[in-house]
1. So in the range 81-96, with the set limited to residues that are in a helix (DSSP H, G or I) and not aliphatic (A, V, I, L, M), which one is surrounded by the most Cβ atoms within 10 Å (Cβ to Cβ)?
2. Find the residue count for the range 34-80, including only residues that are within 26 Å of Q142 (Cβ to Cβ) and open to solvent by less than 90 Å² (accessible area, probe 1.4 Å).
3. If a residue must be in contact (Cβ under 8 Å) with a residue 40 or more places away in the chain, part of a helix (DSSP H, G or I) and open to solvent by 20 Å² or more (accessible area, probe 1.4 Å), how many such residues does the range 144-156 contain?
4. Are any residues in the range 97-140 surrounded by 13 or more Cβ atoms within 10 Å (Cβ to Cβ) and not in a helix (DSSP H, G or I), and if so, which ones?
Amino acid sequence: MSNSRNAILLAVAALLTSSTIASAVGEPGAKLGGVIGVIDRDKVVSGYPKAQQAFDDLKKGEEQVQKLVESANKQYEEAKKANKPPAELEALQKRLQTNIDGEVKKLQTNIQSIEGQLEGDIDNAIKAEAASHKVDVVMIKQAVLFGGVDITPGVLSRLSAAKSTAAAGK
């Protein structure tokens, strides 16, 4: 079982490597046998304070939605215990559900916005660091068995510098 799993992982890594190199060959200015860079995106995300702050904000938003759901359930149960008419219970349920849906939609919109910003920041830092090392192809570190120039520390430095510059500009 373990051998077949390892064989599959090796095959997937080989396919990823060959498809990335093949796509690089098709790009203008790319050369076969060029420099391959590797990036540990998990380390970048965990080491990027802006990403950590976004995660904390997301967690707070989820907690707010959970409290809203709990409050709505409590209001509905109290109305049921007070023997409110079915029409009134239905109207209350719709109102409460609309409030919850609105909060969830705001949270989802916020998440998408933050994800887009973070992804753009990280991708720009990766591109800049790759260019500074004259790297032709950047791959996810976990997909590379060995070799490659690890640009992770430089990417983290660029992200930290960009945060410091943004903070100084405020």
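1. Here the answer is Q93.
2. Going through the range 34-80 one residue at a time, the tally reaches 20.
3. Qualifying residue count, the range 144-156: 1.
4. Hits for the range 97-140 are H133, V135, D136, V137, V138, M139, I140.
The values are calculated or read from the model by the stated rules, or taken from the named source; none is laboratory data. Everything numeric here is computed off the predicted structure, so don't read it as measured data. Counting neighbours? That spans all protein chains shown, and the Cβs are built from the backbone with ideal geometry, glycine included. Areas reflect the complete protein model, heavy atoms only, side chains present, ligands, DNA and RNA absent. Shrake-Rupley method; radii C 1.70, N 1.55, O 1.52, S 1.80 Å.
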